[in-house]
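Report on the structure given below.
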Amino acid sequence: MLARSLSRPAPYRRATDPPRRRRARTSAAAGFGLLLALAVPALPAQSAAAAADRQESAACAGARAADYRWQPLRIGGGGFVTGLVIHPRTPGVVYGREDVGGLVRWDEVTRSWTQLLRADRVPDPRDADYGVESVAVAASDDRVVYAAVGDGGPDGRVLASRDRGAHWSDGGQRWLVEGNNNYRTGPERLAVDPADARTVYFGTRTQGLYVSTDASRHWTQVAPAQLPVGTGGTGVVSVLFDPSGGTLGGRTRGIWATVAGAGVYHSTDAGNSWQLAYPETGRTPTDAKIADDGTLLVAFGPAGGAASSIRRFTAADPAGHDLTAPLAQGGSWFVAVEPGDSAKLLAADDAVRAGHLFRSIDGGASWQPLGLTLDYPDMSWPKDTTESGWLSTGTLVFDPTAPGRVWFPQGIGVWRADDAFAADPVLHWRFVSAGIEETVTYDLVTPPGGDPISAVADRNGFRHTDPGAYPAAPILTDQFSAGTSLAYAGLNPRYVVAVSSDTRAQYAPLDASWTSDPASGYSTDGGATWTRFGGQKSDITRRYGGNIAVSADASSIVWMPTIPANYAADPANADRPAEQAQPLNVPYVSRDNGRTWTAATGVDPGPGIHDMIWWGAKRALDADLAAPGTFYLATTRGDGEFFRSTDGGSTWARATGTPPPTAGTDAHVFGQVHAVPGRAGNVWQSTAQGGLWYTLDGGGSWTRTAGVQQARAFGFGRAATPGGYPTVFAYAQVGGLWGVWSSADRGTTWTLTARYPACYYTGVNVVTGDMNTPGRVYVGFTGNGFVQGDPARPRH
């Protein structure tokens, strides 16, 4: 997962189901460091958690104390950096905020970014923190930084740091903060008084403008009669201090604020009172920047027939005036003003691309269109995508410490150009996203004898031949598309299938021919090369997303699509009353490498199988990896159903045993089904709050693994001993403690591999082992890519 350009439509929820928000994980200490082996049935839940907390160390996630080494499975960039804040006086102090990936800080020496939200540095770590809505720095103290974090719940907060993000504090105030929703790009809602690092303003989405005078420990709402709350869940969009107007009582005298549904407000007495400078009730402010001389630029998006515009304000002209539009009928404008020279401007609309980037050297009286070049010094895969035709705009920001340098955070990372006002009307952008790992993960497989292959949002997925190297190109296709599912043939592991679907199709009419080509396909060489499946473009909105599986001998493929958001409008439902409209999603079967597809029989269509493409952890379907032609499918209808097909997926029947119960659980969001490599009839199923179950006879009877209280993602790795049962890795709650756990004895005992892998405490979509290397585990997050964990070498 929201205001996206055409490349990412609203609403874009990437990992969680809002009505069933995943619970935050808390601990007495944020760090973690232990290797805890549990004979679970004999150990009470509270004693397990207490034992873990007592042994946690400052080296969170167990990277040392748990005898595991963690490293990113590098992709580089891959997610929306929605804003960027640069210190106005100290060179090289730059922060990037991400819609689902957290907060990163730039290092000019290494030319790379570092994640600042770590479990050992943030009090009461919660995965909602990784939706960063706004950032602010203190001009008077370059060590101070504030971040507003939250994922749409009422418990959003403002974190404060006095050491550039090495450690954080939480003042305790709570708001609705939403880092991944409409109007999260553009200006900053947080602002620090340049004259006083302890005075902070925060423009909220639904609760108005707040001010703190003690470094965010306590907050007071500005009276709505003075400055309104704002409308549309957008609220107070930006707060900016005028550095040119002097101080009053030790605080900056001039302050501006933009408010959705109201307009632009101005204070000339350090925030003691506010006046409406420019009323605007229809169009929403999309950006706002201020220069050192107090010149303010505010961009408004189009609405109700009114065009978008850029308006210029000064203390002498508080009502402002519109500038000449850089482009007729442009989208929502984003602007940048050179801090030391307010005559020098840049402007772009929803996406930087040819013909949609402009420069002015006369304060916006006239505009010059700019060309652009793109350079990829660290990673080349974005070059092999269609990204260059639509660089989704986060904002444009001039560097106050380097004249002519402009930064451009956008849909897959960060760009920088050092020649904004060179004679040549071309900006030369460099992709400076090393260290950013913001892909939303959906799946990962490690075929025996092969390389890991991943499926991620927006860019299909990647084949990872070296965890420390960036991939050369995405798999499947160069187009914008979300890889949702992968599978390999158990007896022919070089045969791999993948589902990738353009998420914009979720909002297209089901009877329309969508403009994107089908992106899903198969590989016969372990993911090195791919062939697209067949099918009409009009099939995309029906056979779309979801999960895929391939028979052990690669003779048939089964695809279980997700339910389109607008399934009730399907033409096949045209003659049915609205209450009888049915989603026409059933398993589809292909026996010719995906050229043609046939709907299976035996499974009724409808909700409860795979209901939403945004649920990245959901796995409803798998194939037996040892018995050719056998497939398994779980639903959450009623108390739960478990289906089996033994004819290559054409016909299905409910298994004879009572399936794991799913009623009252989050299995519709987090439930997974995985067959055990090399073991015919062995299938495991997670049911979220219902725990982790397995069957040894294809669903005839089921056993719940003792001690696993909840399980959301799991997979299998190579057995710890030759001929032994494959190691089970799971993101689960065991003995009262959430973390990544492993079992080498079919779930009898569990070992805590990491509470917070690689110090990330964000949500988890993927956990699986490696069938080639004992002990190796991969963890995929809801906005921080993948990490690979390996047992550390024995200490001597």
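The values are calculated or read from the model by the stated rules, or taken from the named source; none is laboratory data. No experiment lies behind these values; they were computed from the predicted model shown. Every residue, glycine among them, receives a Cβ derived from its backbone with ideal geometry; neighbour counts consider all protein chains shown.
In summary, residue 653 fulfils each of the numbered conditions (1) touching a Leu at 6+ places or on another chain (Cβ under 8 Å); (2) surrounded by fewer than 21 Cβ atoms within 10 Å (Cβ to Cβ) with the single exception of condition (1). Being buried (at least 24 other Cβ atoms within 10 Å of the Cβ), small (Gly, Ala, Ser), modelled with pLDDT of 95 or more and touching a strand residue (DSSP E or B) at 6+ places or on another chain (Cβ under 9 Å) is true of residue 549.
Are any of the residues in region 358-368 under 31 Å from the mean Cα position of the chain (by Cα) and either assigned to a strand (DSSP E or B) or over 13 Å from residue 406 (Cβ atoms) (or both)? Checking region 358-368: at least one residue is under 31 Å from the mean Cα position of the chain (by Cα) and either assigned to a strand (DSSP E or B) or over 13 Å from residue 406 (Cβ atoms) (or both).
Within region 100-114, does at least one residue satisfy the condition of being surrounded by fewer than 24 Cβ atoms within 10 Å (Cβ to Cβ), over 17 Å from residue 204 (Cα atoms), over 22 Å from the mean Cα position of the chain (by Cα) and of a type in the set (Gly, Ala, Ser)? Scanning region 100-114 turns up no residue that is surrounded by fewer than 24 Cβ atoms within 10 Å (Cβ to Cβ), over 17 Å from residue 204 (Cα atoms), over 22 Å from the mean Cα position of the chain (by Cα) and of a type in the set (Gly, Ala, Ser).
Only residues that are touching a Ser or Thr at 6+ places or on another chain (Cβ under 6 Å), more than 16 Å from residue 589 (Cα to Cα) and modelled with pLDDT under 90 were counted across region 509-544, and they come to 4.
Applying the criterion of being in contact with a Pro (Cβ under 7 Å, 6 or more places away or on another chain) and crowded, with 21+ Cβ neighbours inside 10 Å to the residues of region 371-406, the residue that is nearest to residue 94 (Cα to Cα) is 398.
Cβ-Cβ contacts under 8 Å between residues 6 or more apart (or on different chains), taken from a first residue in region 135-155 that is under 13 Å from residue 86 (Cβ atoms) and of a type in the set (Asp, Glu) to a second residue that is modelled with pLDDT of 95 or more and surrounded by 20 or more Cβ atoms within 10 Å (Cβ to Cβ), are listed as 142/87. When the residues of region 629-650 are filtered to those that are touching a Phe, Trp or Tyr at 6+ places or on another chain (Cβ under 7 Å) and among the small types (Gly, Ala, Ser), the one that is surrounded by the fewest Cβ atoms within 10 Å (Cβ to Cβ) is 645. Taking every residue in region 476-499 that is among the acidic types (Asp, Glu) and pairing it with any residue that is surrounded by fewer than 23 Cβ atoms within 10 Å (Cβ to Cβ), at least 6 positions away or on another chain, the pairs with Cβ-Cβ distances below 8 Å are 478/384; 478/385; 478/386.
Scanning region 392-439 for residues being of a type in the set (Gly, Ala, Ser), in contact with a helix residue (DSSP H, G or I) (Cβ under 8 Å, 6 or more places away or on another chain) and in a loop (DSSP other than H, G, I, E, B) gives a total of 1. If only residues of region 231-290 that are on the phi > 0 side of the Ramachandran plot and within 27 Å of the chain's Cα centre (by Cα) are counted, the one that is surrounded by the most Cβ atoms within 10 Å (Cβ to Cβ) is 235.
If only one of 695, 762 is β-branched (Val, Ile, Thr), under 22 Å from residue 487 (Cα atoms), at pLDDT 95 or above and touching a strand residue (DSSP E or B) at 6+ places or on another chain (Cβ under 9 Å), which one is it? Going through 695, 762 in turn, the sole match is 695. Among the criteria (1) surrounded by fewer than 24 Cβ atoms within 10 Å (Cβ to Cβ); (2) modelled with pLDDT under 95; (3) under 30 Å from residue 670 (Cβ atoms), the one residue 412 does not fulfil is (1). Taking (1) over 14 Å from residue 211 (Cα atoms); (2) assigned to a loop (DSSP other than H, G, I, E, B); (3) among the β-branched types (Val, Ile, Thr) in turn, residue 258 satisfies each apart from (2). Would you check if there is a residue in region 583-603 being of a type outside the set (Phe, Trp, Tyr), touching a Phe, Trp or Tyr at 6+ places or on another chain (Cβ under 8 Å) and more than 27 Å from residue 483 (Cβ to Cβ)? Yes, region 583-603 contains a residue that is of a type outside the set (Phe, Trp, Tyr), touching a Phe, Trp or Tyr at 6+ places or on another chain (Cβ under 8 Å) and more than 27 Å from residue 483 (Cβ to Cβ). Within region 656-675, the residues that satisfy the criterion of being surrounded by 20 or more Cβ atoms within 10 Å (Cβ to Cβ) and not in a strand (DSSP E or B) are 659, 660, 662, 665, 666, 667, 668, 669, 670, 671.
For region 653-690, a residue qualifies if it is within 19 Å of residue 637 (Cβ to Cβ) and small (Gly, Ala, Ser), and the qualifying residues are 653, 655, 657, 663, 664, 667, 671, 686, 688, 690.
Per-residue answers, yes or no, for (1) modelled with pLDDT of 95 or more; (2) part of a loop (DSSP other than H, G, I, E, B); (3) more than 16 Å from residue 237 (Cα to Cα):
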| position | (1), (2), (3) |
| --- | --- |
| 293 | yes, yes, yes |
| 299 | yes, no, no |
| 310 | yes, no, no |
| 315 | no, yes, yes |
| 327 | no, yes, yes |
| 336 | yes, no, yes |
